[in-house]
Amino acid sequence: MDQTEQLKILRDLIQIQSPNGNEIAVSKYIGQLFDKYGIHYRLDAFGDRRADLVAQIGNEESTNILGFTGHQDTVSVSNPDQWQHDPFSAAVVGDQVFGRGAADMKSGLAAQIIALIDLKQAGLPKHGQIRFIATAGEEYGTPGAFRLNDQHVVDDVAALVVGEPTSGQVVYAHSGSINYRVKSFGQATHSSTPQKGINAISGLNQFINRETTLFDQAPVDPFLGHVQHSITMIKGGEQVNIIPAAAELSGNIRPTESFNNDAVIRTLKQAVVDINAASHYRLEFSLIHNFFPVETDPQNGFVQLAKQAATAHFSDRQVDLITINGATDASVFVQANPQMPVVVLGPDTWAEAHQTDEFTTISSFRRTIGTYEQLAQDYFHEFD
């Protein structure tokens, strides 16, 4: 595919507004492209204009399947007046393309789509299959990935590439992500007689004090290091002169394989049990989101192939094997296929994700297309 059409596809995707939804418009656009190039796909629409799309090329008789995945949604635009360019114009300025989702991750998604089309036109792969998986809702709750797990879409995938923005670096491990809520229940009374009530905020304070050291004894993961944890939201009370009868907080924790999701959840629940047993406060724990860590040994052959391909195409920079604390759809997919090696690899740049005047670079976008195509060919080379 020539570079003019490549850029058009990227800009078209950015111009489709899909903040926290409307993935069906993106899926229909991708489907039209695949119709043009004779690529078979399945569009799975579900609820409120959401949709996943799964496509496949290659030898249908082969059970060796390489997966490429990306999400179609973006975060919202909370401050459009502060953007120098309309968030959905896909304005091109020099080597940069501006727009919501330009980095996270319409550029990676476009690169995967184009690589699939190029490989299909070249009659590749001959002795394997490539499965392209476009998801809904990655930015909040990953309903699309969970739906695809229920459909067993990744059960037979031998290796997976996630196209999030990494500036050409190869991410071989990333943490999971747990979002949770703790509610505190007390007894309301007038603030002039606090002894007659139970301050629900004080109950939360018991948990907050404990949370700061709750994971101090958690083992350090050889790839991802310490478990990261934070209390990020808190609310309670309805009137300044009333002792509050209810309050709640929310927090986020980044599990590792050495201290996994089950261990984190047990630890949180036990803290609540201990506080309730030792005080007159009544706390309740609830789990909001539960995404698994993703770890592949950096010496794994697939990781090394990804580094080789990225090094060949991102010749303007040093390509390294790295880890991150962010989570991706792979956090869901490894629940269905825990032995599947995974890399996260995409264009510029993670630091631009969710930012005002978000952008990607055209040069890195084109390098990513080449990287994906080489990785696919190198992966299947031994079978050719």
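The values are calculated or read from the model by the stated rules, or taken from the named source; none is laboratory data. These figures come from a predicted structure and were not determined experimentally. All Cβ positions, even for glycine, are placed from backbone atoms using ideal geometry, and neighbour counts span all protein chains on display. Heads up: the accessible areas ignore ligands, DNA and RNA and are worked out on the full protein's heavy atoms, side chains in. Shrake-Rupley method; radii C 1.70, N 1.55, O 1.52, S 1.80 Å.
Here are the numbers:
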| quantity | calculated |
| --- | --- |
| Filter result (open to solvent by 10 Å² or more (accessible area, probe 1.4 Å), in a strand (DSSP E or B) and touching an Asp or Glu at 6+ places or on another chain (Cβ under 7 Å)) within the range 163-193 | Arg181, Lys183 |
| Residue that is surrounded by the fewest Cβ atoms within 10 Å (Cβ to Cβ) [pool: residues in the range 147-162 that are in contact with a helix residue (DSSP H, G or I) (Cβ under 6 Å, 6 or more places away or on another chain) and outside any strand (DSSP E or B)] | Asp155 |
| Selection from the range 106-142 of residues that are in contact (Cβ under 8 Å) with a residue 40 or more places away in the chain and part of a loop (DSSP other than H, G, I, E, B) | Leu124, Pro125, Lys126, His127, Gly128, Ala136, Gly137, Glu138, Glu139, Tyr140, Gly141, Thr142 |
| Boolean, Gly137 is in the same structural domain as Thr328 (by the TED database), out of contact with any Lys or Arg (no Cβ under 6 Å at 6 or more places or on another chain) and crowded, with 20+ Cβ neighbours inside 10 Å | yes |
| Filter result for Arg367 (open to solvent by 40 Å² or more (accessible area, probe 1.4 Å), basic (Lys, Arg) and assigned by the TED database to the domain that holds Gly203) | no |
| Cross-chain or 6+ apart pairs with Cβ under 8 Å, the range 352-364 first and at positive phi, then open to solvent by less than 40 Å² (accessible area, probe 1.4 Å) and assigned to a loop (DSSP other than H, G, I, E, B) | His354/Val75; Asp357/Trp83 |
| Filter result for Glu358 (over 19 Å from Leu305 (Cβ atoms), open to solvent by less than 40 Å² (accessible area, probe 1.4 Å) and charged (D, E, K, R)) | yes |
| Condition broken by Asp155, with the remaining ones in (1) more than 19 Å from Val264 (Cα to Cα); (2) in contact with a Ser or Thr (Cβ under 7 Å, 6 or more places away or on another chain); (3) of a type in the set (D, E, K, R) satisfied | (2) |
| Failed item in (1) open to solvent by less than 40 Å² (accessible area, probe 1.4 Å); (2) under 20 Å from Leu375 (Cα atoms); (3) not hydrophobic (A, V, I, L, M, F, W, C), with Gln304 passing the rest | (1) |
| Residue among Asp73, Asp150, Asp44, Asp86 that alone is under 22 Å from the mean Cα position of the chain (by Cα) and either aromatic (Phe, Trp, Tyr) or within 15 Å of Ser18 (Cα to Cα) (or both) | Asp73 |
| Of the criteria (1) surrounded by 18 or more Cβ atoms within 10 Å (Cβ to Cβ); (2) assigned to a strand (DSSP E or B), which one Phe285 fails | (1) |
| Test: residue in the range 196-207 that is touching a Lys or Arg at 6+ places or on another chain (Cβ under 8 Å) and part of a loop (DSSP other than H, G, I, E, B) | no |
| Qualifying residue in the range 194-202 (condition: touching an Asp or Glu at 6+ places or on another chain (Cβ under 8 Å) and open to solvent by less than 10 Å² (accessible area, probe 1.4 Å)) | no |
| Filter result for Thr311 (assigned to a helix (DSSP H, G or I), farther than 18 Å from Phe68 by Cα and either at pLDDT below 95 or in the same structural domain as Asp104 (by the TED database) (or both)) | yes |
| Close pairs from the range 60-85: first surrounded by 12 or more Cβ atoms within 10 Å (Cβ to Cβ), partner of a type in the set (S, T, N, Q) and part of a helix (DSSP H, G or I), Cβ under 8 Å, at least 6 apart | Phe68/Gln112; Thr69/Gln112; Gly70/Gln112; Gln72/Ser27 |
